[in-house]
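Below is one structure, written out as structure tokens, with a few remarks after it.
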Amino acid sequence: MTKPRPCGCKGCRTCLICETQYGADKIKLQLELDKSKGYVYCPLCNKAYKGWDIDLNKQHPNHEGDSIDYPGVYILLDFLSEEEEEIFMKNIDDMPWDISQSGRRKQNFGPKTNFKKKKVVSGKFDGFPAFSKFIQNRFDNVPLLKDYQVIEQCSLEYDPSKGASIDPHIDDCWIWGERIVTVNCLSDSVLTMTPFDGSLSKYNLFCAEQYPPVVNSDGTVNTHETLNCVNGRMTIEATQPVNKMDVIVRIPMPRRSLLVIYGEPRYHWEHCVLREDITSRRVCIAYREFTPPYLQGGEYEKIGDDVREKAMLFWDHKTKFEDHERRIEDN
């Protein structure tokens, strides 16, 4: 039962298919969240207000109850237009999907990584589909994403009929940099944040002790040229919350919006997408950057350069996959 199942799930990761057809309901991760501890982040106020359910149109600006500061979150509404989203999604669905865990499907473009051995090679990575280039270009208009060099782009599909979700986690800190970027398509959803107080060995968090923050406390961004020479507190220390809070923060991910997580929420909070928050098909495009050791002046700059060279390439997806299918038929 803990081995990979036909639906793509393995271990304690489950979806509605393996829970109902393969008996995986017995090993399903039981996530018990106290909704009375919930706070809802408002992207228009940059504060989180007491509550659980999200309806920005009704809640803002008439918020009720206590509020807390929750730095390290940036949401840009209407990052994509309706027309851009429609064309973008049509192109995405022209490409093949791979099954993933917890009821998801994925399309992944990036280097081959081994998180346990801390090894990365470009492998078969040959860049990104050309129809997605305009999104990466648009990052240049977001000050918080100054010098953001995309080295992985991953499309993730969440299907409510499969009970799609993603369990609480922190993105690996050995290879993926501070700014975690997501573009949300097709439907609204929610990112649920819970405080993490575990070992620094988990998620390779200890690696974040080796380099300074990318985003300073005043919101300015350190350039790649100076990042490996910056003196001062390391990332884990610099992003420590002033006051640890026993709360759950619900971050809205409106349709066609851009979300950036950095600083404290990046390193000290686990994030998840609950099954209950997937009400219709949702596709998010996740972007990752390198950590400082793989940037200019870093210990592994040459490896980073090899991956970044591949990341500058963009190809026509129709030609690429038509050629691939033709080779399969010929064989």
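The values are calculated or read from the model by the stated rules, or taken from the named source; none is laboratory data. Just so it is clear, the model here is predicted, and its values are computed rather than measured. So basically every Cβ, Gly included, is an ideal-geometry build from the backbone, and we count neighbours across all protein chains shown.
The table that follows gives values for the structure above.
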{"read-out": "Residue match in segment 233-254 (condition: more than 30 Å from Leu33 (Cβ to Cβ) and touching a residue at least 12 places away in the same chain (Cβ under 8 Å))", "value": "yes"}
{"read-out": "Residues that are touching a residue at least 24 places away in the same chain (Cβ under 8 Å), among the acidic types (Asp, Glu) and not in a helix (DSSP H, G or I), drawn from segment 5-60", "value": "Asp34"}
{"read-out": "Candidate set: segment 96-120, residues that are surrounded by fewer than 21 Cβ atoms within 10 Å (Cβ to Cβ) and β-branched (Val, Ile, Thr); chosen: the one nearest to Ile285 (Cα to Cα)", "value": "Ile99"}
{"read-out": "Whichever residue in segment 111-170 is touching a Cys at 6+ places or on another chain (Cβ under 9 Å) and of a type in the set (A, V, I, L, M) and, among such residues, is nearest to Cys7 (Cα to Cα)", "value": "Ala164"}
{"read-out": "Some residue of segment 211-219 being among the polar types (S, T, N, Q), more than 21 Å from the chain's Cα centre (by Cα), closer than 18 Å to Leu145 by Cα and at pLDDT below 85", "value": "yes"}
{"read-out": "Complete set of residues in segment 197-216 that are out of contact with any Ser or Thr (no Cβ under 9 Å at 6 or more places or on another chain) and either surrounded by fewer than 19 Cβ atoms within 10 Å (Cβ to Cβ) or among the hydroxyl-bearing types (Ser, Thr, Tyr) (or both)", "value": "Asp197, Gly198, Ser199, Leu200, Ser201, Lys202, Tyr203, Asn216"}
{"read-out": "Residue count, segment 100-152 (criterion: of a type in the set (A, V, I, L, M, F, W, C) and within 18 Å of the chain's Cα centre (by Cα))", "value": "10"}
{"read-out": "Residue in segment 154-170 that is in contact with a His (Cβ under 9 Å, 6 or more places away or on another chain), under 30 Å from Leu56 (Cβ atoms) and surrounded by fewer than 20 Cβ atoms within 10 Å (Cβ to Cβ) present", "value": "yes"}
